[in-house]
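Presented below is the structure to which this report refers.
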Amino acid sequence: MRQLEYFVAVANEENFTAAAHRVHTTQPNISAQVRSLERELGSALFDRSARSVRLTDAGQAALPAARAALAAAREVADAVSEVRGLLRGSLSVGMVEGCTIAPLFTALGTFGSAHPKVALSLRESPSDRLITSIVDGSLDVALAGYGDELPRGTESLTVIAEPVVAVVPADEERGTDTGFPELRQRSLICLPRGAGIRNVFDDAAVAHGSPIRPAIEASSPDAIVELVCSGMGTGILSASIAATDDRVVGLPIEGVDVRARLGFVWRTDPSPATRRFVDVVRETFGLDAG
């Protein structure tokens, strides 16, 4: 099982040193264990000829089964722990980059205090990477942005659901046309690809004709607001973010009824720790299942 754990870690990180750090061992040890696994299987699992290691065809074939075996082993331990009334193990939580949602940190503190035997880890990433990590099992639960659809095999608990809007200076509001034909003529300022709001906007643009390439990609909503105020273009944000600064207004994008959602996402076969954390989140945020 340890060899399989190391194999999956290297596959996820594409680097032996980073994988060793992730599983709290040394690079020589993880390399030796993976080579031992390769000898037992009679085939190389990784191509080590490049700067980042890549799975061979044999490695690609072995990875889903290795993940399933590790998940099964965790289920055995979790089942025994539940019978004993003692929650232990690990819980990996993801959150969108630059997250300032205070109840998330309250939920983490509440869960950690109630279940000290569960090792908590926290990772920041763009929303699309977080959701991919939920699907492939490298994260247990994540606070991420998403649109109307999520991958099969996942569940969600929505915290915020609101329209995506065109952000313009407050004195430009009167008579401003914000349909897609007009927006295609404007210099648009968007969050980077992978952000939930950006994904929703891109999908809507494709549904209304073709993709729109923004003039500027800004790393944060605050930067988008400042660029709008400086006359650099029209921003694309959620309604609540646009409403936090009275120098700008958020105008509905005509013909778009898709909402940007921010919420918690997890797999439909969660561990006991994940189930309990979702319960804590629901209590902390005052939410029903969604």
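The C-beta contact set for the range 109-129 (first residue among the hydrophobic types (A, V, I, L, M, F, W, C), second residue part of a loop (DSSP other than H, G, I, E, B), distance under 8 angstrom, 6+ apart or interchain) comprises VAL118/LEU87; VAL118/ARG88. For the range 103-122, taking the residues that are in contact with a helix residue (DSSP H, G or I) (Cβ under 8 Å, 6 or more places away or on another chain) and outside any helix (DSSP H, G or I), the one that is nearest to ARG198 (Cα to Cα) is identified as LEU122.
The numbered conditions (1) surrounded by 15 or more Cβ atoms within 10 Å (Cβ to Cβ); (2) at pLDDT 90 or above are all true for LEU87 except (2). Residues in the range 161-192 that are β-branched (Val, Ile, Thr) and touching a helix residue (DSSP H, G or I) at 6+ places or on another chain (Cβ under 7 Å) were compared, and the one that is surrounded by the fewest Cβ atoms within 10 Å (Cβ to Cβ) is VAL168.
Test ALA239 against the stated conditions and say whether it is crowded, with 19+ Cβ neighbours inside 10 Å and either over 20 Å from the mean Cα position of the chain (by Cα) or closer than 21 Å to GLY145 by Cα (or both). So ALA239 does not fit the description; no.
Residues in the range 37-68 that are of a type in the set (S, T, N, Q), surrounded by 13 or more Cβ atoms within 10 Å (Cβ to Cβ) and over 28 Å from the mean Cα position of the chain (by Cα): SER43 alone. Per the conditions (1) at pLDDT 90 or above; (2) within 19 Å of the chain's Cα centre (by Cα), the sole criterion not satisfied by ASP128 is (1).
Inside the range 265-275, can you point out the residues that are surrounded by 22 or more Cβ atoms within 10 Å (Cβ to Cβ) and out of contact with any Lys or Arg (no Cβ under 9 Å at 6 or more places or on another chain)? Answer for the range 265-275, where residues must be surrounded by 22 or more Cβ atoms within 10 Å (Cβ to Cβ) and out of contact with any Lys or Arg (no Cβ under 9 Å at 6 or more places or on another chain): just VAL265. Scanning the range 27-58 for residues that are among the hydroxyl-bearing types (Ser, Thr, Tyr) and assigned to a helix (DSSP H, G or I) returns SER31, SER36. Applying the condition of being under 18 Å from GLY147 (Cβ atoms) and basic (Lys, Arg) to the range 193-236 and asking which residue is surrounded by the most Cβ atoms within 10 Å (Cβ to Cβ) yields ARG198. Taken together, the residues in the range 3-26 that are under 24 Å from LEU122 (Cβ atoms) and outside any loop (DSSP other than H, G, I, E, B) amount to 15. How many of the residues making up the range 133-183 are at pLDDT 85 or above, under 27 Å from GLY209 (Cα atoms) and in a helix (DSSP H, G or I)? So the answer is 4.
When the range 123-132 is filtered for residues that are in a strand (DSSP E or B) and not hydroxyl-bearing (Ser, Thr, Tyr), the ones remaining, listed by number, are ARG123, GLU124. Across the range 139-154, which residue is farthest from GLY235 (Cα to Cα) among those that are in contact (Cβ under 8 Å) with a residue 60 or more places away in the chain and surrounded by fewer than 18 Cβ atoms within 10 Å (Cβ to Cβ)? Going through the qualifying residues, I end up with GLY153.
The values are calculated or read from the model by the stated rules, or taken from the named source; none is laboratory data. What you are looking at is a predicted structure, and each value in this text was computed from that prediction instead of being measured. Because the Cβ atoms are built from the backbone with ideal geometry, glycine has one as well, and the counts that use them run over all protein chains shown.
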